[in-house]
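The values are calculated or read from the model by the stated rules, or taken from the named source; none is laboratory data. As the structure is a computational prediction, the values presented were derived from the model and not from experiment. In this analysis, Cβ positions are derived from the backbone assuming ideal geometry, glycine residues included, and neighbour counts consider all displayed protein chains.
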Amino acid sequence: MSGLLWFVAIVLSIALGAHVFRFAGQKLTGNAPKFRDMSYGVAFGYVLGAFLLFWSVWYYFQPKVLDTGVPNAGVVFFRWAVQGFIIASIAAFLFRLFGRVVGTDGSRKLFRSMPLTASFGILVILIYAIIAVFAGQIAPYGQAEILGAANVMAGGDPAIGGDPAYPLGTDQIGRDILSRLIYGAQNTVGIAFITTLLAFFIGGSLGFLAATLQGWLDQLLSRSVDVLMAIPSLIFALLLMTIASVWADRLGIPLTIFMVLIIAVIDSTRVYRLARAVGLNIVVMDYIEAAKLRGEGLGYLVFKEILPNAMAPLLAEFGLRFCFVFLTIAALSFLGVGIQPPLADWGTMVKDLAPFINFAAFAPTVAAAPLLAAGAIALLTVAVNFVVDWMLHKSSGLKE
Amino acid sequence: MSSLLKIRGLKIDGRSDETWNPIIKGVDMDLKKGEVLGLIGESGAGKSTIGLAAMGYTRDGVRISEGTVEFDGIDLVTASAAVKRNLLGKRIAYVAQSAAASFNPAHKIIDQHTEAPVQHGVDNRANSAADGMELYRKLRLPNPDEIGFRYPHQVSGGQLQRAMTAMAMSCRPDLIIFDEPTTALDVTTQIEVLAAIREIVEEFDTAAIYITHDLAVVAQMADRIKVLLRGDEVEEADTRTMLSNPQEDYTKSLWAVRAFERPAKPAVNTGSTPVVSVNGITAAYGKTDVLHDVSFDIHAGRTVAVVGESGSGKSTTARCITGLLPPRIGDISFDGEVLPGNYKKRNKDQLRQAQMIYQMADTALNPRKTIGQIIGRPVQFYMGLTGAERRKRVNELLEQIELEPDTYFNRLPSELSGGQKQRIGIARALAAEPKFIICDEVTSALDQLVAEGILRLLGDLQDKLGLSYMFITHDLATVKAIADEVVVMKDGKVVEQGPKLDMFTPPHHAYTDLLLSSVPEMDPDWLTDLLQERGVDNIGDAAVGKM
């Protein structure tokens, strides 16, 4: 109850503070237009922002351990978040600075106009790519190697059950978590990337074909897609994976290939919808008519006239779709039908280590174990979207 | 009497490429109560920017950097948002170019009409709705008591523009800004709107700023005219002085455009085979016939202008000729040989011989391709030229359309002006080395000076290459300038056709007469005389309806 009271009191005082802030601003600046025409909502926003800033600083410097000897998990996680944010910002800034000095004329120009978010995204994607490609060289142990001690704590401090040989600890059957994270990049990201590409190839070409030819082909494709889309995608994928696991054994084809195909087909329905909608807007343009009247073939129309103009929305969708595919793979692995052990996969890692989350209130470092894989997924998702946003902004700016 | 609106040293900047660039470079303006000032200039001259600044408003990315805009003693540049809110809509109103885009399609017209008076506390809903109907009657809208209860899409463009004028009048403002209110309308509709606006502005003694690029229109509407060029004032004078005795070269050049006319060609040898012959085509969209028994011939080296209002079937005829819409009855023959109705069945050479230039160069050029690719494609496709040969041919074509090859070869369409884009469209058509080109309203989206350049270029190319043109247009000045023969269309039928001289000398078919008489002339008394001659109920849609 007192929590609610506190909340109401804070909101009321911010509301009052906004009035005071705007009034004081008007008096102090001699009625400058900025304060004179400031709406109440904007003033409220300023005061709320200031309050949140002060609160964060105060909270950051709260003690890590409560008087009772129990760690204050909220403060610990908050400090990690703030530190991570600052480190990421600095890294992104340095990376952009590096890009502005080194490289060809074109790449330097690109970096000059780049926002910090985009350079952060590119940096993260680069790091992931390097890790994924050189996983075998970087990882200290193999992904399936069982090293004896199970459930070694992260942090490498022997006093609380850590081991300097395994900086991020080991999992429930004694495999090195750091190595598995690194191999996970290879498996999860690589497979997700291939799947997304395939989904775009299928959905994009069929979508443009439907938009260009229309008529019965469009009806046939669109209604089939409607049917596929009507089935909840995760349940549908689960169903197909169950069937595929029988086939995989019988035919001797790895289940992973079936997974790639199944997710690609299911996701291509969404891409199809987008490509068809974008394509329909483009095919009514006069330059398409001009090309048709010139006698151009279907391939030229789709790939040379339509595709370049559909690039911006498709790229944006690619970023988003990549994340969804990635999450679907992680979800399927979490449910046990995705990437099969002993291959390391972030989704499986989250599942295997999930019970540790219950310890968050007493031992934040222990709870961090499943969060590492989840964090790796989240970080890549954010990074990809940052980059796609920037590309979208750039390509829409080109049009004007 | 002191001025209602006093603008002094107005400078406006626009933001592009991270810097502020001047758009308006110090303009002064005075407007008395009840006076109408015409602002004319080409696109980019800053007409609309000044019009909006007169309300103390700027678009996003634009700022007033210097100067004052005093309305009735209040400086709108420094006035607070609250003060401006109280003035705008109530004492200053704005009529936009496209009424269709400015009305909210989800609300009835009368509900949008009453919004401003109720919001400003001028009157209650019922009274202002009744007043709205009164205004509709004054503006001679059909069914004034009922039309307000329709949604915007249920009303024609000219009627919507008048409804918007009524809406601007709803609070009886002291100043109305009209931003190209008739530019998107047909000539017969335009004249109705012009008459209505003029009458109502006079009746309520409202001051107005009338923005347009059409000199003949501004001559009818304005007491004084101000000419703008790239954000600078060229000159200002009262309408009669300005028309009879312009001082500056730029103004004179604007005036001279209207006099451009190509010399008449000798009569066609009746025995020769026409390049294109349209033989009694009837065509339908779905089950509705939109063309009825259309026939005309186009001879070598000739320009046939097809004239008519929107919906008259001009562009549909072009679609039949190109093969996009196969005719239901009748056929198209080319050099005496009957063409397949569907373009997919025509061979490459048949497709090559007939090319098309589009109205909107923006949508006619692929925005992701460079000029070299756009022009080079037909060169490669039809002529089989590649590499250096292709480049050479593209350069030739660029020179033909008077653009410097090296400068433009690698540019994208977005880096060109409207007139340059249209020239690229011409070059793309020429690249196929055709005999016949369809020009679909190629100049209607361009400024007058630029349009004249395009018409001259097309004329020169015709002389040099012996091309035949089918020139679709609704602008009779263009017809006068370039046509050899004229085909007048209405409701999918050919109303009248013949050599240009015959068409422009009486007697005319009644519809041709109405079209011709509806084109504004540079004489400031033209509208007054016309209204007297024909009567207010015998112009525009009303007159068309009687036919």
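Evaluate the following for A:A248: is it aliphatic (A, V, I, L, M), surrounded by 13 or more Cβ atoms within 10 Å (Cβ to Cβ) and touching a residue at least 12 places away in the same chain (Cβ under 8 Å)? Answer is no for this residue. Out of all the residues in the stretch B:176-196, which are over 20 Å from B:E533 (Cβ atoms), of a type outside the set (D, E, K, R) and outside any strand (DSSP E or B)? Selection gives B:P181, B:T182, B:T183, B:A184, B:L185. Scanning the stretch B:399-412 for any residue that is under 30 Å from A:K394 (Cβ atoms), within 13 Å of chain A (Cβ to nearest Cβ) and surrounded by 16 or more Cβ atoms within 10 Å (Cβ to Cβ) turns up at least one such residue. Looking only at residues in the stretch A:25-62 that are small (G, A, S) and not in a helix (DSSP H, G or I), the one that is farthest from the other protein chains (Cβ to nearest Cβ) is A:G30. Within the stretch B:453-479, being in contact with a Leu (Cβ under 9 Å, 6 or more places away or on another chain) and over 21 Å from B:L501 (Cβ atoms) holds for B:G453, B:I454, B:L461, B:L465, B:L467.
Restricting attention to the stretch A:168-175, does a residue exist that is buried (at least 21 other Cβ atoms within 10 Å of the Cβ), without any contact (Cβ under 8 Å) to a residue 24 or more places away in the chain and outside the structural domain of A:A310 (by TED's automatic domain parsing)? The answer is yes; a qualifying residue exists. Restricted to the stretch B:369-394, and to residues there that are under 14 Å from B:F409 (Cα atoms) and part of a loop (DSSP other than H, G, I, E, B), the residue that is nearest to the other protein chains (Cβ to nearest Cβ) is B:K369.
Anything in the stretch A:281-304 that is closer than 20 Å to B:R346 by Cα and among the charged types (D, E, K, R)? List them, or say none. Those that are closer than 20 Å to B:R346 by Cα and among the charged types (D, E, K, R): A:D286, A:E289, A:K292, A:R294, A:E296.
Let's see how each residue does on (1) surrounded by fewer than 21 Cβ atoms within 10 Å (Cβ to Cβ); (2) farther than 25 Å from B:A54 by Cα:
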site: B:D111; (1), (2): yes, yes
site: B:V118; (1), (2): yes, no
site: B:D145; (1), (2): yes, yes
site: B:F149; (1), (2): yes, yes
site: B:S156; (1), (2): yes, yes
site: B:Q161; (1), (2): no, no
site: B:M169; (1), (2): no, no
site: B:D174; (1), (2): no, no
site: B:A208; (1), (2): no, no
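Does any residue of the stretch A:283-305 turn out to be within 18 Å of A:S222 (Cβ to Cβ), within 11 Å of chain B (Cβ to nearest Cβ) and in a helix (DSSP H, G or I)? For the stretch A:283-305, residues within 18 Å of A:S222 (Cβ to Cβ), within 11 Å of chain B (Cβ to nearest Cβ) and in a helix (DSSP H, G or I): absent.
So that you can scan it fast, the table gives a plain yes or no per residue for (1) more than 11 Å from every other protein chain (Cβ to nearest Cβ); (2) at pLDDT 85 or above; (3) over 30 Å from B:A184 (Cα atoms):
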| residue | (1), (2), (3) |
| --- | --- |
| B:R328 | yes, yes, yes |
| B:K344 | no, yes, yes |
| B:M356 | no, yes, no |
| B:A364 | no, yes, no |
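Taken as a whole, the stretch B:67-82 holds at least one residue that is more than 14 Å from chain A (Cβ to nearest Cβ), of a type in the set (S, T, N, Q), part of a strand (DSSP E or B) and in contact (Cβ under 8 Å) with a residue 24 or more places away in the chain.
Of all residues in the stretch B:395-411, those satisfying the criterion of being farther than 16 Å from B:K369 by Cα and not in a helix (DSSP H, G or I) are B:I401, B:E402, B:L403, B:E404. The single residue among B:R428, B:R390 that is assigned by TED's automatic domain parsing to the domain that holds B:L467 and more than 16 Å from B:L461 (Cα to Cα) turns out to be B:R390. In this entry, A:G207 is excluded by the filter for residues that are without any contact (Cβ under 8 Å) to a residue 60 or more places away in the chain, farther than 19 Å from A:I377 by Cβ and surrounded by 14 or more Cβ atoms within 10 Å (Cβ to Cβ). The residues on offer are B:V450, B:V488, and the sole one that is surrounded by fewer than 21 Cβ atoms within 10 Å (Cβ to Cβ) and either in contact with a Lys or Arg (Cβ under 7 Å, 6 or more places away or on another chain) or in contact (Cβ under 8 Å) with a residue 12 or more places away in the chain (or both) is B:V450. Filtering the stretch A:81-122 to residues that are within 21 Å of A:A378 (Cβ to Cβ) and touching a residue at least 60 places away in the same chain (Cβ under 8 Å) leaves A:P115, A:T117, A:A118, A:F120, A:G121, A:I122.
Looking only at the stretch B:315-374, count how many residues are among the basic types (K, R) and crowded, with 16+ Cβ neighbours inside 10 Å. The qualifying residues number 5. Within the stretch B:413-429, the set of residues being within 13 Å of chain A (Cβ to nearest Cβ) and closer than 22 Å to B:Q355 by Cα comprises B:P413, B:K421, B:Q422, B:I424, B:G425, B:I426, B:A427, B:R428, B:A429.
Among the residues here, A:R108 qualifies as farther than 20 Å from A:N385 by Cα, out of contact with any Phe, Trp or Tyr (no Cβ under 9 Å at 6 or more places or on another chain), assigned to a helix (DSSP H, G or I) and of a type in the set (K, R).
For A:L220, the requirement of being part of a helix (DSSP H, G or I) and buried (at least 17 other Cβ atoms within 10 Å of the Cβ) is not met.
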